[in-house]
1. Out of the residues in the stretch 25-48 that are crowded, with 23+ Cβ neighbours inside 10 Å and over 18 Å from HIS242 (Cβ atoms), which is farthest from the chain's Cα centre (by Cα)?
2. Please enumerate the residues belonging to the stretch 13-24 that are at pLDDT 95 or above and within 27 Å of the chain's Cα centre (by Cα).
3. If THR48 satisfies all but one of (1) farther than 26 Å from LEU177 by Cβ; (2) at pLDDT below 95; (3) among the β-branched types (Val, Ile, Thr), what's the number of the condition it fails?
4. Return yes when THR383 is of a type in the set (Val, Ile, Thr) and either under 23 Å from VAL403 (Cβ atoms) or in contact with a Ser or Thr (Cβ under 7 Å, 6 or more places away or on another chain) (or both) and no when it is not.
5. Among the residues of the stretch 17-60, how many are hydroxyl-bearing (Ser, Thr, Tyr) and either part of a loop (DSSP other than H, G, I, E, B) or in the same structural domain as PHE418 (by TED's automatic domain parsing) (or both)?
6. With respect to GLU393, determine if the residue is surrounded by fewer than 23 Cβ atoms within 10 Å (Cβ to Cβ), acidic (Asp, Glu) and farther than 25 Å from VAL325 by Cβ.
7. Just to verify a result, which residue in the stretch 161-194, among those that are surrounded by fewer than 21 Cβ atoms within 10 Å (Cβ to Cβ) and over 22 Å from ILE85 (Cβ atoms), is farthest from the chain's Cα centre (by Cα)?
8. Does VAL374 qualify as being out of contact with any His (no Cβ under 9 Å at 6 or more places or on another chain) and within 21 Å of VAL493 (Cα to Cα)?
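The values are calculated or read from the model by the stated rules, or taken from the named source; none is laboratory data. Small disclaimer: the values here were computed from a predicted structure and weren't measured. Positions of Cβ are backbone-derived with ideal geometry, glycine not excepted, and every protein chain shown enters the neighbour counts.
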Amino acid sequence: MPNELPLVVEDLSFRYRSREDWAIRSMSFSVQPGELLLIAGSSGCGKTTLARAINGLIPRSYKGELSGRILLHGQEYTRAPLSRISQVVGTVLQDPERQILGTRVLNEVAFGLENLGLSRPEIVAAAEDALKRLGILALRDRETFYLSGGEKQKVALAGVLAMKPSILLLDEPLASLDPASARETLAIVRQLADEGMTVLMVEHRVEDVIHMHPDRVMFLKDGEIRYLGPLSGMTEAVDYHHIKLPAPMVMERAAADPPPAPVTPQPERFRTAAEQPSAPLVRFENVGFGYDDEVRVLKGINLDIRRGDIIAVLGPNGAGKTTLVKHAIGLLKPKVGRVLVDGRDTHELSVAQIANTLGYVFQSPSHMLFAPSVQDELAFGPTNMHHAPEQIEAEVREALEIVHLTGYEKNPPLALSFGQQKRVSIAAILAMRSRILVMDEPTAGQDYKNYMDFMDAIVQMPSFEAILFITHDIDMAVIYANRVLLVNQGTVVRDGPPQEVLADAELLRGNRLVPTSLLEENLKHFPQTGRLLRAEALAHALRPTV
């Protein structure tokens with residue numbers, strides 16, 4: 001009925017069959033037509049469970065005890081098939097790997113339209129309109145397998161928008177997007193809401209979403225709604241240790257709290273002997289590569305990874321970042337030039353041999369998780385590296401503690417949430433104790449407290465001689481990196497200290513990076529502090545000495 005609210009949730013509770021605790025409890029709220037509702041909260045608070053109930057995956061795909069009801073435009077869809085619900089509620093998942101089925105972009109975006117029985121001209125026109133709206137029409141005929149994670153995320157969104165649902169449900173849509181793409185996507189989502197579409201956005205990157213002016217914010221904790229109202233009230237209601245807020249807000253609150261514990265990155269101990277140069281751990285010599293003969297993804301890459309480096313790799317979606325690091329671990333071999341690991345050409349080494357030096361966390365956990373239990377997953381690498389049984393037990397235990405997954409040893413990894421899967425994949429590499437840790441988008445699907453905790457622990461682990469991480473989160477580079485690689489169009493555009501690379505506003509704009517409030521505060525106060533700091537530490541560094 002046209003006058004009915006798009007979404008009404010009444011006293012909704014759900015408990016998964018395999019768990020004792022309720023995932024969500026007694027939730028009641030409604031959403032207006034054209035409203036943009038931001039749903040925030042720490043991992044495990046119930047955000048994804050609520051989304052699954054709204055789009056019908058609960059109770060169809062996820063079984064358990066369900067009570068309460070959900071009305072879509074005044075109707076219950078309890079017995080309706082998912083195909084019917086999907087025409088009302090369009091969902092974009094956290095991990096695009098789970099959503100993309102088509103081998104080519106146009107086929108993928110057209111998939112839902114084909115199931116509606118539209119004519120071919122109608123399907124092509126609607127699919128191309130969705131691609132144009134997201135600025136990715138150039139990807140129309142590309143194979144989805146070769147897209148970057150961010151490009152896949154945009155294609156998944158295009159496939160949903162082409163269906164023209166009345167309710168759009170976005171589960172962490174910014175996780176794989178470069179900062180400029182994130183801003184563009186948020187602007188499109190805001191426009192869709194202004195045109196009358198109801199939008200529910202589950203997102204950890206609260207600071208980014210603030211720019212799109214959500215109409216209301218829902219803050220969840222322990223499966224319950226703890227706040228529902230305007231954005232201004234939410235910033236006062238949440239703990240800044242758990243939800244990432246703009247740096248000035250955090251600094252104002254942190255100044256009244258005790259200073260944070262210092263974090264001393266262990267790889268930097270190797271930099272104390274910088275005047276005595278040693279052979280690089282990894283060397284790229286004029287490396288060129290393409291997945292086919294026509295398109296070069298990497299062009300003339302020359303760089304060294306040395307002991308003591310903590311490197312943040314930044315750049316736009318499709319820039320070649322993941323392709324570059326896959327060369328370091330031997331998953332890809334150069335078409336031109338060579339990559340040396342400990343002085344040996346990767347053409348002469350197996351991936352297993354290189355794993356003793358480099359441990360690699362994939363961007364998508366589904367690309368590396370396979371074992372029947374978390375315990376088996378974490379023990380696999382150390383076992384193949386012939387670690388002693390008692391050593392493996394200690395390595396697995398410590399890795400689980402670092403990523404906050406103690407107690408999950410018997411769980412099947414692929415039955416966990418995307419964020420938990422990501423942490424399992426990180427823990428699996430931590431347990432191997434390789435000399436260099438390489439992580440592709442380690443914060444994807446993670447709440448602020450989780451990723452700050454595990455990053456603090458990782459950089460302080462004495463086993464790592466160097467750490468390299470690909471990220472779209474500039475604040476990760478501000479807080480943890482001592483070196484920034486800016487990659488675009490298959491080349492290293494800039495390589496240097498964060499305070500130099502990130503201070504070049506024109507350079508950032510030209511490479512689809514957007515300065516954050518934390519970067520701006522650090523650059524403003526750098527003459528006084530002489531270093532880049534997290535917001536809490538910056539607040540105390542600026543306090544006048546008595």
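1. MET27
2. Restricting attention to the stretch 13-24, the residues satisfying the condition of being at pLDDT 95 or above are 13-14, 24.
If the condition is that a residue be at pLDDT 95 or above and within 27 Å of the chain's Cα centre (by Cα), then PHE14, ILE24 are the ones that fit.
3. (1)
4. On the way: of a type in the set (Val, Ile, Thr): yes; either under 23 Å from VAL403 (Cβ atoms) or in contact with a Ser or Thr (Cβ under 7 Å, 6 or more places away or on another chain) (or both): yes.
Considered against the rule, which asks whether it is of a type in the set (Val, Ile, Thr) and either under 23 Å from VAL403 (Cβ atoms) or in contact with a Ser or Thr (Cβ under 7 Å, 6 or more places away or on another chain) (or both), THR383 comes out as yes.
5. Let us first name the residues in the stretch 17-60 that are hydroxyl-bearing (Ser, Thr, Tyr), namely 18, 26, 28, 30, 42-43, 48-49.
Next, from what is left, pick out any that are either part of a loop (DSSP other than H, G, I, E, B) or in the same structural domain as PHE418 (by TED's automatic domain parsing) (or both): 18, 42-43.
Counting residues in the stretch 17-60 that are hydroxyl-bearing (Ser, Thr, Tyr) and either part of a loop (DSSP other than H, G, I, E, B) or in the same structural domain as PHE418 (by TED's automatic domain parsing) (or both) gives 3.
6. Values: surrounded by fewer than 23 Cβ atoms within 10 Å (Cβ to Cβ): yes; acidic (Asp, Glu): yes; farther than 25 Å from VAL325 by Cβ: yes.
Against the criterion (surrounded by fewer than 23 Cβ atoms within 10 Å (Cβ to Cβ), acidic (Asp, Glu) and farther than 25 Å from VAL325 by Cβ), GLU393 qualifies.
7. ASP194
8. Values: out of contact with any His (no Cβ under 9 Å at 6 or more places or on another chain): yes; within 21 Å of VAL493 (Cα to Cα): no.
Considered against the rule, which asks whether it is out of contact with any His (no Cβ under 9 Å at 6 or more places or on another chain) and within 21 Å of VAL493 (Cα to Cα), VAL374 comes out as no.
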